[in-house]
Amino acid sequence: MPIIVDVDVMLARRKMAVGVLAERVGITPANLAVLKNGRAKAVRFSTLAAICEVLDCQPGDLLRWEPDEPGAADQA
């Protein structure tokens, strides 16, 4: 998937544990892990806003786009 989630990068910069972020945002650690590991198909703007508030960052600090590798769709 060309959208890369960098929640773990921001957690490291803030020296915060995943469980602490999940608690402060109000989501389960399992759901945060799905997002953090790039397995999420969607994220609510309210959740994204809460993560940004807790981590004191912008959405662009958490999400970035990278194009698919050429031919990657042919291998699927």
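The values are calculated or read from the model by the stated rules, or taken from the named source; none is laboratory data. Small disclaimer: the values here were computed from a predicted structure and weren't measured. Glycine also receives a Cβ, built like all others from the backbone with ideal geometry; neighbour counts cover every protein chain displayed.
Data table
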| item | result |
| --- | --- |
| Checking Pro67 against (1) surrounded by 11 or more Cβ atoms within 10 Å (Cβ to Cβ); (2) part of a loop (DSSP other than H, G, I, E, B), the condition it does not meet | (1) |
| Which numbered condition Val43 fails, given (1) exposed (fewer than 14 other Cβ atoms within 10 Å of the Cβ); (2) touching a helix residue (DSSP H, G or I) at 6+ places or on another chain (Cβ under 9 Å); (3) not in a helix (DSSP H, G or I); (4) not polar (S, T, N, Q) | (1) |
| Residue selected from region 14-37 under the condition free of Cβ contacts under 8 Å to residues at least 12 places away in the same chain and assigned to a helix (DSSP H, G or I), by the criterion surrounded by the most Cβ atoms within 10 Å (Cβ to Cβ) | Ala22 |
| Hey, Ala49 aliphatic (A, V, I, L, M), exposed (fewer than 14 other Cβ atoms within 10 Å of the Cβ) and modelled with pLDDT of 95 or more or not | yes |
